[in-house]
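Note sheet for the following structure.
No lab work stands behind these numbers, since they all come straight from the coordinates. Not measured: the values here are computed from a predicted model. Counting neighbours? That spans all protein chains shown, and the Cβs are built from the backbone with ideal geometry, glycine included.
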Amino acid sequence: MNWPLNINNFNYIDRIKIALFILSKKNRWTQDKEVKSFEKKMAKFIGCKYAVFVSSGSTANTLIAQYVKDKSKNFKEKNKVILPSTTWQTSCSPWVREGFNPIFIDVSMDDFSIDKNKLIKYVDQNHASIACIFPTSLIGYSQNLESLKQIQDKYKIPIYIDNCENNFGQFDNKNISSYFTSSTSTYFGHQLQSIEGGFIFTNNLEEYEYFIINRNHGMSRSLDLYGLDKSKYINNNVDPLFDFYSFGNNFRNTDLNAFIGNLDLNRVDNYINKRIEKYNLFYSLLDKNKYYLPENNRPKCKDVPFCLPIIVKNNNLKLHKSAKELCCSSGVEYRPIISGFLGYQTCYTKYFSKLYDYPNSIYLHEYGFYVGLYPNLSLRYIKRLVNDLNNL
């Protein structure tokens, strides 16, 4: 089998359109009207007021961390950020770089997001020092957002969500990114492709203006592209062309990437249906006595998975090793469950003292991995792989 983690979504006609876009002298390649168009369409798709297109999901997370830090009124006493102990490394590093005190909580095996019971217990005892909660929709599973909303309402702690592997999932018939200010990724390896790219989705105008300005070096004139009022950001002592309101960065994306993203966005319904079809086949055939998967069709959750996880049961290290060897010998590319248990990663070890607090993350690290799931994945390949896995 020739089964990579993902494939390029773009056909020959798409490539011609991209070439014509590049060849046309009227088109600007750097950030301009195509970025604005992509943002407008993505906001409509997600069901939020504002979308900000940036260079990656990682820079989207960085802008969110910077916003929480810059808007803090009591950072010395309220500087904890709650993170899952299994997630992508740059879901966490922006917060550490901004000087937050990261508090890691184990994930649940129900949906691979932060364990809500452990989260509630920690928040109840430490809410006065918590600046933010930043869960992840890990490998595309949609989490139940009701408990997060209850935590936010009760303790007045802001919640942001990393949905970089979950462009399409829903909760209660709404896109998962529409409930809280969220990040996502449109990197080549993810569900929706602009080759490189990411988004922040928000319904908050103050956040939106902050993200627009700080995406572009902190310049107040960044708001001009969107017709937003910049009067409160203007410094009359400097030239308005280079009026730096804040310590921003260059996290912009390009009109070329936005044009590519707009092409891909036209096919989202097909992508969603195909991913669900192929995941459901995998789910229905996999031997649940040997392998673990979260319950399909969980209440209010519509999963559009990012990948096909292969997690052996009963601490069966021999089966785990054999499953990996099977994939290698069959031409099936695989990866660990994202960063695995972050407590084992060199740059995070100092933040984990009691490893027994993270049994689920450690289990996923030691007994789990995933293979690719994409719209054009052959059903025959899925059947063959599952049959071979079941026979190990």
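Structure notes:
- Counting only DSSP H runs of at least 4 residues, each contributing -39500 (n - 2.57), and dividing by the residue count of the chain, the helix-based mean residue ellipticity at 222 nm comes to -11000 deg cm²/dmol.
- Fluctuation leader among ASP239, ASP115, ASP264 - the chain, Gaussian network, Cα springs under 10 angstrom: ASP239
- Neighbourhood net charge (15 Å Cβ-Cβ; Lys/Arg +1, Asp/Glu -1) for PRO240: -1
- Within region 155-220, the trypsin sites (Lys or Arg not before Pro) that combine a DSSP coil assignment with at most 11 other C-beta atoms in a 10 angstrom radius are LYS156.
- Equivalent ellipsoid semi-axes - Cα gyration tensor, the chain, angstrom: 35, 28, 17
- For the chain, the residue among SER56, ILE382, LEU355 whose Cα projects farthest onto the positive side of the dipole built from Cβ charges is ILE382.
- Taking chymotrypsin sites (Phe, Trp or Tyr not before Pro) across region 224-257, the ones in a DSSP loop with at most 15 further Cβ atoms lying within 10 angstrom of their Cβ are PHE247.
- Positive minus negative residues near GLN193 (Lys, Arg vs Asp, Glu; Cβ under 15 Å): +2
- Remark: region 12-265 carries a charge dipole of roughly 460 debye about the Cα centre, counting +1 on each Lys and Arg Cβ and -1 on each Asp and Glu Cβ.
- Where trypsin sites (Lys or Arg not before Pro) fall in DSSP loop in region 313-342, at most 16 other Cβ within 10 Å: LYS313
- Taking the Cα atoms of region 1-61, the ratio Rg/Rh between the radius of gyration and the Kirkwood radius comes to 1.05.
- Restricting the calculation to Cα atoms, region 80-152 shows an Rg/Rh of 0.94 when the hydrodynamic-style radius is the Kirkwood one.
- DSSP bridge pairs, the chain: antiparallel proportion in percent, nearest 5: 65 percent
- Radius of gyration (Cα atoms) of region 25-138, expressed as a multiple of 2.2 N^0.38 Å: 1.29.
- Among CYS301, CYS164, sorting on how many other beta-carbon atoms sit within 10 Å of each Cβ, with the fewest leading, yields CYS301, CYS164.
- Cα centroid separation, region 10-55 to region 292-335 (Å): 34 Å
- Stokes-Einstein diffusion for region 242-367, with the hydrodynamic radius set to the Kirkwood value over Cα pairs and evaluated at 4 °C in a medium of 1.567 mPa s, equals 69 µm²/s.
- Exposed loop sites here are GluC sites (Glu not before Pro) assigned a DSSP state other than H, G, I, E or B and surrounded by at most 12 other beta carbons within 10 Å; excluding them, the longest clear run of the chain is 78-294.
- GNM on the chain, alpha-carbon springs under 10 angstrom: the most fluctuating residue among VAL107, VAL123, VAL54 is VAL123.
- Ratio of the Cα radius of gyration of region 271-316 to 2.2 N^0.38 Å, where N counts its residues: 1.21
- Within-12-Å neighbourhood charge of GLU295 [Cβ basis; K, R +1; D, E -1]: -1
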